[in-house]
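Please read the structure below before turning to the comments.
The values are calculated or read from the model by the stated rules, or taken from the named source; none is laboratory data. Fair warning: this is a prediction, and the values are worked out from it, not measured in the lab. Cβ placement follows ideal geometry from the backbone for every residue including glycine, while neighbour counts extend to all protein chains displayed. We work out accessible area using only protein heavy atoms, side chains counted, and drop any ligands, DNA or RNA first. Shrake-Rupley method; radii C 1.70, N 1.55, O 1.52, S 1.80 Å.
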Amino acid sequence: LAQSLLALFASSLAISLVFAIIPLCHNVVVLAVVMAVAGLAMGCIDTISNMQLVKIYQKDSAIFLQALHFFVGFGALLSPLIADPFLSDTNCILSNSTANASSNLPHIRKSLVPHHPGNLSRYDLPMKGMVVTRVSYAFWIMALINLPVPIAVFFLLYKERMVPCFTRPTEKDDLAAPVRRAQAAGGHDDFFSCCQSKNFRGASYAYFAVHVAGALVLFMTDGIVGEYSGFIYSYAVEEPLSVVHKVAGYLPSLFWGFITLGRLISIPVSYRMKPATMVFINVVGVLVTFLLLLIFSSSVVFLFVGTASLGLFLSSTFPSMLAYTEDILQYRGCATTVLVTGAGIGEMVLQLLVGSV
């Protein structure tokens, strides 16, 4: 647990540093390196937080996992609202020719349709001149908002005497006691023990099948979350729907809003309903929603209804699948890394696939 908390401290601190550095990056290679560091830090936080909740709370972990993922959705819903006031209403760079006519430039957020660079031919968007964007403030505000997180993790480490320069407390007041009890019952010894070959000796095909099935479900469902939220705007403004840009801009917010709402509802629901039942409802709901979206593909109204429905059914799939898989495998925490990795690969691959189409 001490290793996990130290990793959470380092990762959450790295995210604040990354957000503070991004506005200072004037080279795309430097920006790519900084974003890669952010990705590594977020991957560590995602894996460790899920795994430790499973190992500490075991059969009660479903409720805590739902709560964790509610805050993931809440953050995704809130962060664009923080950034929005600082986005430029005109071009971010004004040249001598456009400084006096900036009010005639269309709103950047509405006029630049993703994946259609041909649309830019109508606009003279200067690349050199006076920079008028204030978007840097949004990054610095997010860095400050995130800063209490590593401070809180360090305080927990200090309180539990897990900082390397302190001795460990007695078991009765140690946060790691539930984990040690799980280890005594046949769990794993350290943070990297999941990867040891001895754990796979004599394992049945069903053991591997559970991991693969869980990873595939999350590969698809988390991949859908990433690609749908990223491309639904582009889809809506194209024919045959031809939704007005401003109206289409509400679709990603609607999607994340219902993901957040669904995760909030799932916290009390998971107390009474088994994870297996929740996973079944989620997967069937996603399939039915997509089928209806295809049938009513020319209806703008149903696009909004379907977006809300999809967000609702996708909302609790990750935590429910995680709790279900770990329940089958006796809450050892190792399946968590496989499932989180599968979900991450899905987000990357499906966005790349849909983007290329």
## Note on the structure
So the FRET efficiency between Tyr205 and Phe86, C-beta based with R0 = 41 Å and rounded to 0.05, is 0.15
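Please give the per residue accessible area of region 205-356, computed with a probe of 1.4 Å over protein heavy atoms only, in Å².
Numbers: 7320 Å² over 152 residues.
Heavy-atom accessible area per residue stands at 48 Å².
By the gyration tensor of its Cα atoms, with a ≥ b ≥ c the square roots of the eigenvalues, what is the shape of region 209-279: rounded for a/c under 1.5, prolate for a/b over b/c, or oblate?
Values: a/c = 4.01, a/b = 1.75, b/c = 2.29.
The shape class here is oblate.
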### Task
Quick one: pull the percent of accessible area on region 21-63 belonging to carbon and sulfur, 1.4 Å probe, ligands and nucleic acids left out.
74 percent
### Query
Which whole-percent values make up P(r) of region 215-357 when all C-alpha to C-alpha distances are grouped in 5 Å steps starting at zero?
2, 10, 18, 21, 21, 13, 8, 5, 2, 1, 0
### Task
For a label point 7 Å from the Cα of Lys59 along Cα→C-beta, name the residues of region 262-281 whose backbone N is under 16 Å from it.
271-276
### Query
Roughly what would the spin-label model give for Gln3 and Ser136, points 7 Å off Cα along C-beta, in nm?
4.1 nm
### Task
On the protein heavy atoms, probe 1.4 angstrom, tell me the percent of accessible surface of region 205-356 carried by carbon and sulfur.
73 percent
